Amino acid sequence: MPISETSQWRAWLERMVGAEGMLDRLADPDDPQARAEAHRLLFAILATGYQTAFADPDHPDFVPSVSSILNTVGVNPDFIYGAARIDGSGVYRLSGTRGDGVFVFLDLVAGGLGPMEDLGPSVGMIDLDACTLGPDGAFDIVLGGERPDHAGDWFPLDPRAVTIGLRHAYYDWGVGRDLRIAIERVDRRVGGGPVPAAEIVHRLDRLSAFVERYAAFALGYGQRQRAQGFVNRLEYDDWAGRGGVAGQHYYQGIFRLEPGEAMIIDTAVPDQVRYWNVQLNDPLWNTIDWMNHQSSLNAAQARLDGDGRFRAVIALDDPGVPNWLDPAGRNEGSLMLRWTGASSGPEPTLRIVPAAELRSHLPADTPLVTPEQRDEMIRNRRRGAQWRRRW
């Protein structure tokens, strides 16, 4: 191998080694379990970044940079995500069929979380339900350029746009039809040669720097909340310009349980709401394994009490209630609840109670879930999570 290539390779490795300094942001940097999980996060970041590092606006494709495997930065278990690189001066066609999900959102952004981007604002949002759909949910959308002679929809494209972020949400996992979508650039011919060597070097240079940048974003989330006192209490955020969906109400914070404690989440539900869920994340802001644990609940999975309120319980041991949020053996992590397309944004309350006295703090008609019933619930959850499209 030429000396210059060897030096470049070592430079990339040394840059990624520097990302280990992010471990100082852990709540307990000396905890070997926390450090091992943080090292795993650094590898996950590298895998996450590679999926979009070589995205090409001339040959766009919706790439799943986060998923049930790469479950970093609070991935929503009900969402399937994709990101396609675009050129704001280009013309693109989106085609496919909507499917039976709750919604399909296309967020046109001037930046993003990927290695080739910096954070930037949303410069346009397309709700597929506001578009022209055929009897089977078919759509055919043109983005950019002059309004064409086109039977489908047309939207102007902000020249600042560099990425289309795709979210499609599902309440009933594995039931019904999934979204089918394709994107293509239509103002240029398909084709081209290999990526030039200088461009490969540039993109790998960005990818090697991405590990530390993304780790700072992920670990800084919990670090900031702890520093600002959002432990067992919630803050409101809209995540505007930082990957959130416009018009959502987010409530988020750190949960922390001592031995023998449980937490009750209690909230009203908006009179009208298009989508809502609550989920648990680990201390590194990885969504807790939702396939093998009931670590999240959405409107279709949750049970509302007789008074119309939603109450859930975070507890290390199964408390035998329908709305158990399982932290998978962790006594600390983060939680997030979101209301999307809602007539209001009720703020949940959090209450710590002795786990042994939990039922006295819940409505008398709260059902009992037996271990056998719970096992079947989790098995149904596992099947549904695998039956649906995952990326």
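The values are calculated or read from the model by the stated rules, or taken from the named source; none is laboratory data. Here the structure is a predicted model, which is why all the values come from computation and not from measurement. In this analysis, Cβ positions are derived from the backbone assuming ideal geometry, glycine residues included, and neighbour counts consider all displayed protein chains. Surface accessibility is based on the protein's heavy atoms, side chains included, excluding ligands, DNA and RNA. Shrake-Rupley method; radii C 1.70, N 1.55, O 1.52, S 1.80 Å.
For (1) in contact with a Gly (Cβ under 7 Å, 6 or more places away or on another chain); (2) part of a helix (DSSP H, G or I); (3) not β-branched (Val, Ile, Thr), each residue gets a yes or a no:
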| position | (1), (2), (3) |
| --- | --- |
| 10 | no, yes, yes |
| 23 | no, yes, yes |
| 33 | no, yes, yes |
| 36 | no, yes, yes |
| 70 | no, no, yes |
| 75 | no, no, no |
| 80 | no, no, no |
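Which one of these does residue 377 not meet: (1) part of a loop (DSSP other than H, G, I, E, B); (2) open to solvent by 60 Å² or more (accessible area, probe 1.4 Å)?
Here residue 377 clears every test but (1).
If you go through the stretch 335-360, how many residues are of a type in the set (A, V, I, L, M, F, W, C), crowded, with 19+ Cβ neighbours inside 10 Å and assigned to a strand (DSSP E or B)?
4
Considering only residues that are charged (D, E, K, R) and part of a strand (DSSP E or B), look in the stretch 247-262 and name the one that is least open to solvent (accessible area, probe 1.4 Å).
The residue in question is 261.
What are the residues in the stretch 108-117 that are open to solvent by less than 20 Å² (accessible area, probe 1.4 Å) and closer than 22 Å to residue 44 by Cβ, if any?
Passing the criteria: 111, 112, 114, 115.
State whether one or more residues within the stretch 67-76 are of a type in the set (S, T, N, Q), surrounded by fewer than 19 Cβ atoms within 10 Å (Cβ to Cβ) and either in contact with a strand residue (DSSP E or B) (Cβ under 7 Å, 6 or more places away or on another chain) or touching a residue at least 40 places away in the same chain (Cβ under 8 Å) (or both).
yes
Among the numbered criteria (1) over 25 Å from residue 251 (Cα atoms); (2) assigned to a helix (DSSP H, G or I), which one does residue 41 miss?
Evaluating residue 41 over (1) over 25 Å from residue 251 (Cα atoms); (2) assigned to a helix (DSSP H, G or I) leaves (1) as the failure.
Which residues, taken from the stretch 290-345, are touching an Asp or Glu at 6+ places or on another chain (Cβ under 7 Å), under 23 Å from residue 385 (Cβ atoms) and among the hydroxyl-bearing types (Ser, Thr, Tyr)?
The answer is 295, and nothing else.
Would you list the strands (runs of 3 or more DSSP E) that sit entirely within the stretch 263-334 and hold 2 or more residues that are within 15 Å of the chain's Cα centre (by Cα)?
So the answer is 275-281, 296-298.
Of these, 120, 134, which one is in contact with a strand residue (DSSP E or B) (Cβ under 7 Å, 6 or more places away or on another chain) and open to solvent by less than 50 Å² (accessible area, probe 1.4 Å)?
120
Return a yes/no flag: does the stretch 123-130 have any residue that is more than 26 Å from residue 48 (Cβ to Cβ), of a type outside the set (Val, Ile, Thr) and either touching a residue at least 40 places away in the same chain (Cβ under 8 Å) or buried (at least 22 other Cβ atoms within 10 Å of the Cβ) (or both).
No: zero hits.
I need the full set of residues from the stretch 86-107 which are crowded, with 22+ Cβ neighbours inside 10 Å, in a strand (DSSP E or B) and within 20 Å of the chain's Cα centre (by Cα), in order please.
104, 106
For residue 176, which of the numbered conditions (1) more than 24 Å from the chain's Cα centre (by Cα); (2) touching a residue at least 40 places away in the same chain (Cβ under 8 Å) fails to hold?
(1) is the only condition that residue 176 fails.
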